[in-house]
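In what follows, a single structure is set out as structure tokens and then discussed.
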Amino acid sequence: MFEEFRNPEKAKTLLEAIHRITRHPCHIMEICGGQTHALARFRIEPLLPKEIQLIHGPGCPVCVTPVPIIDAAIQLALKKEIIFTSFGDMLRVPGSKNDLLHAKAQGADVRMIYSPLDALRIASENPEREVVFFGIGFETTAPIHALSILQAHRKKIRNFSVLTSLFTVPQAISTIAQDKECSVNGILAAGHVCAVTGISEYEELAKCLKLSISITGFEPLDLLFGIYTCISQLENQEYTVQNAYKRIVAPNGNPKARQEIEDVFEICNREWRGMGNIQNSGYQIRQKYEQYDALKRFNIKTDNKKETTPCQAGEIMKGKIAPIQCKQFGKCCTPEHPLGAPMVSSEGACAAYYRYNF
């Protein structure tokens, strides 16, 4: 299935083309953690011209979920009446004191699932219990979270709610690009996000912030073609959006998915772990569906606790340092004993560097 997009000869052709057109230094940030892992796994970065520096962005929802939300998740999980459901990566993300696995060891009913629809099924099967789903993600997963709430509403499932930690990507790109310490001038945008949202927001970013943006997929040829189109723009001082993932991304995205998001969620300010509060960068449940908002349902208050570990995840996700430049990387911080979320997540930059021996 993937062989077509991992063809060595085609990869060699694209690499030769990249080397041929690259004349000036450029700093390209791949936004999504899935892209970071693919670049590391297939050893693409060492094959690029020395003028190209790849910078790893904040596109990992596990990594950017802030400490107060993790603490709220643990507080909910420890309530005896609650079955707390979550994607597996979130179970080991440290809060201010411990993580959800520690809560499970204390007797909390914490269950790993693969979809919020699984949580909805558990709620249907356990009408005497409250079921909370830990809803994390970007625009890619927001539609399935919205669908679970819509289905709960239609089926009159009253014992289901969602703890949301949902983010939107363009505002984070804007924040990073405007940081005076940031040197990013090219972006590899995440194809699965744009498959939902379309590309119009990115066109506005490219124009206003003078960024060259290429929308890419996650296979080696996708990434190489994205890098090629991004370099082509940079060398010609063009600040536009190139869709290098047309087999998946339509200009208008997925109207049905966008409508479901619009129906259930509204834009809000959102705290990004290690990056601070970014205005209009998240989704929260609308008042119409607030009975499915776990924070409101159980009257959970979040505070402003910050990380107290020496983890430098924020600097890594802002593109200011590489994971191996963190003094704790591979020493005090490993996948078995992570200090920060980027070493936990399957999409985290630190986990990618550790796994693929960068």
Q. Among the residues of region 80-98, is any in contact with a Ser or Thr (Cβ under 6 Å, 6 or more places away or on another chain), surrounded by 23 or more Cβ atoms within 10 Å (Cβ to Cβ) and not aromatic (Phe, Trp, Tyr)?
A. no
Q. Which of the residues that make up region 71-121 are at pLDDT below 95 and either β-branched (Val, Ile, Thr) or not assigned by TED's automatic domain parsing to the domain that holds residue 144 (or both)?
A. 93
Q) Out of (1) part of a loop (DSSP other than H, G, I, E, B); (2) surrounded by fewer than 22 Cβ atoms within 10 Å (Cβ to Cβ), the odd one out for residue 71 is which? A) (1)
Q.
Condition first: of a type in the set (Lys, Arg), over 23 Å from residue 353 (Cα atoms) and touching a residue at least 40 places away in the same chain (Cβ under 8 Å). Now tell me which residues in region 55-107 satisfy that.
A. 79
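Condition check ((1) farther than 26 Å from residue 147 by Cβ; (2) of a type in the set (Ser, Thr, Tyr); (3) surrounded by 13 or more Cβ atoms within 10 Å (Cβ to Cβ)) across all residues:
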{"residue": "241", "(1), (2), (3)": "yes, no, yes"}
{"residue": "250", "(1), (2), (3)": "no, no, yes"}
{"residue": "253", "(1), (2), (3)": "no, no, yes"}
{"residue": "274", "(1), (2), (3)": "yes, no, yes"}
{"residue": "281", "(1), (2), (3)": "no, yes, yes"}
{"residue": "284", "(1), (2), (3)": "no, no, yes"}
(Q) Of all residues being in a loop (DSSP other than H, G, I, E, B) and modelled with pLDDT of 95 or more in region 178-204, which is surrounded by the most Cβ atoms within 10 Å (Cβ to Cβ)? Just the residue, please. (A) 199
Q) How many residues are over 19 Å from residue 229 (Cβ atoms) and free of Cβ contacts under 8 Å to residues at least 60 places away in the same chain if we restrict to region 5-42? A) 2
Q: Answer yes if at least one residue in region 305-321 is part of a loop (DSSP other than H, G, I, E, B) and closer than 18 Å to residue 40 by Cα, and no otherwise.
A: yes
(Q) So residue 303 ticks every box in (1) loosely packed, with under 15 Cβ neighbours inside 10 Å; (2) assigned by TED's automatic domain parsing to the domain that holds residue 82; (3) in contact (Cβ under 8 Å) with a residue 40 or more places away in the chain but one. Which box is left unticked? (A) (2)
Q. Any chance region 147-155 includes a residue that's buried (at least 24 other Cβ atoms within 10 Å of the Cβ), part of a helix (DSSP H, G or I) and of a type in the set (Val, Ile, Thr)?
A. yes
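Have a look at 91, 101, 120 and point out the one that is in contact with an Asp or Glu (Cβ under 7 Å, 6 or more places away or on another chain) and not in a loop (DSSP other than H, G, I, E, B).
Values: 101 fails: in contact with an Asp or Glu (Cβ under 7 Å, 6 or more places away or on another chain); 120 fails: in contact with an Asp or Glu (Cβ under 7 Å, 6 or more places away or on another chain).
One residue alone meets the criteria, 91.
Just checking, does region 28-42 include any residue being of a type in the set (Asp, Glu), in a helix (DSSP H, G or I), closer than 27 Å to residue 175 by Cα and in the same structural domain as residue 189 (by TED's automatic domain parsing)?
First, the residues of region 28-42 that are of a type in the set (Asp, Glu): 30.
Keeping just the survivors that are in a helix (DSSP H, G or I) gives none.
No.
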Q. Since residue 140 meets every condition but one in (1) closer than 30 Å to residue 25 by Cα; (2) touching a helix residue (DSSP H, G or I) at 6+ places or on another chain (Cβ under 6 Å); (3) among the hydroxyl-bearing types (Ser, Thr, Tyr); (4) in a loop (DSSP other than H, G, I, E, B), which condition does it not meet?
A. (1)
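The values are calculated or read from the model by the stated rules, or taken from the named source; none is laboratory data. Model, not experiment: these values are computed from the prediction. Cβ sites come from the backbone with ideal geometry, for glycine too, and all protein chains shown count toward neighbours.
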